[in-house]
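The values are calculated or read from the model by the stated rules, or taken from the named source; none is laboratory data. These numbers come from a predicted model, not from an experiment. Note that we place each Cβ from the backbone using ideal geometry, even for glycine, and neighbour counts take in every protein chain shown. Note: accessible area is taken over every heavy atom of the protein model, side chains too, but ligands, DNA and RNA are not part of it. Shrake-Rupley method; radii C 1.70, N 1.55, O 1.52, S 1.80 Å.
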Amino acid sequence: MAALATAGLEPRTDGALAGMEDVSEGGALRAELLTGQTGVRITGVAVDDMTDAQIEAVRRLVSTYCVAVFPEQFVTPQQHVAFVRRFHPITFTPGEDRHVDWPDVHVIARPGNDLPPINGFHTDTCFVERPPSYTSLAAVELPPTGGDTVFANLYIAYEGLSPVMQRWLSGLRFKHVVTGTKRPEEVPNPVWHPALRTNPVTGRKALYVTLPMRCIEAEGMTQREGKNLIAFLYEHAQNIYAMYRHRWQPGDLVMWDNRCTLHAGVYDHGDAPRTLYRVMCEGERPFE
Ligand code: SIN
């Protein structure tokens, strides 16, 4: 792992990631970039069969490239929960319903006629003191077309700001409030989080902004200033240069790092059912 950390995980010309040879112990873990900078596809070892070193490699890959796709896993809910638990203890969004048989599982089964779109880009459960670090989704039932999930890279969003704006955001905090849960009264809020967030795995800084209805105020600024600033940053973060769009396939398991990633389900699948199981694990209190 030391070699991995120092080698970084730079793309090679053959599409593989330099550094992977250092983490393939116990089997051939392979990773390929899915776009220029966002998203990796990890193959070679089943998620329920990874060594501790491979889990650490996966942690680094997800936190470096924001989102990882593990194709053809077909995990059971128990295997899914056991995999995510290897990264951190499991957590759950307060105010949401738990699966009746697997209480660590949240069932995502949204209607597929989302007009006008209501599910904008967001980072999961930002309205708690310690938002989840990683979220994972496993495909259960997929529509024939549509129902993709799109991811945006918040490291690139930060790095795309001018040095003046980066300095200005440094030390600033945003107020986060709960929306979109079934029982918002169960969620203690608001909380204040830094506008810039350092990912403890990579040491890289990311913009930490989410849906303007959840991220509603900038500390020390007027309502109008804060709202305009947040609206600008939120729009800035949605740059196609920094995105990966996942088209779900049966058996897929997808995992992302909420500390450096926005995501949005595209609920355009009409009447066709689409069910994903979501499992998340704990994160730290955000810090700049
Ligand atoms: C979510 O928005 O948290 C779920 C994403 C999805 O349904 O693809």
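For this structure, a couple of remarks:
- Solvent exposure, largest accessible area first (probe 1.4 Å, DNA, RNA and ligands not counted), of Asp268, Asp104: Asp268, Asp104
- Note on Glu186: accessible area is roughly 100 Å² with a 1.4 Å probe, heavy atoms of protein only.
- Most to least accessible of Ser133, Ser162 (protein chains only, probe 1.4 Å): Ser162, Ser133
- Reducing the stretch 196-256 and the stretch 36-63 to their Cα centroids gives an inter-centroid distance of 23 Å.
- Computed with every protein chain present, the accessible area of Thr181 is close to 20 Å² [probe 1.4 Å].
- Residue-level accessible surface for Arg183, protein heavy atoms, 1.4 Å, Å²: 70 Å²
- In this simple spin-label approximation, Glu282 and Arg30 carry label points 7 Å from Cα along the Cα→Cβ vector, and these lie 3.7 nm apart.
- For the chain, the equivalent ellipsoid derived from the Cα gyration tensor has semi-axes of 28, 24, 18 Å, listed largest first.
- Applied to the stretch 33-48, the Karplus parametrisation 6.51 cos²θ - 1.76 cosθ + 1.60 on θ = phi - 60° returns per-residue 3J(HN,Hα) values of 5, 9, 9, x, 9, 10, x, 10, 10, 10, 9, x, 9, 5, 4, 8 Hz, with x for Gly and Pro.
- Accessible surface ranking that places the most exposed of Ile42, Ile108 first, with a 1.4 angstrom probe: Ile108, Ile42
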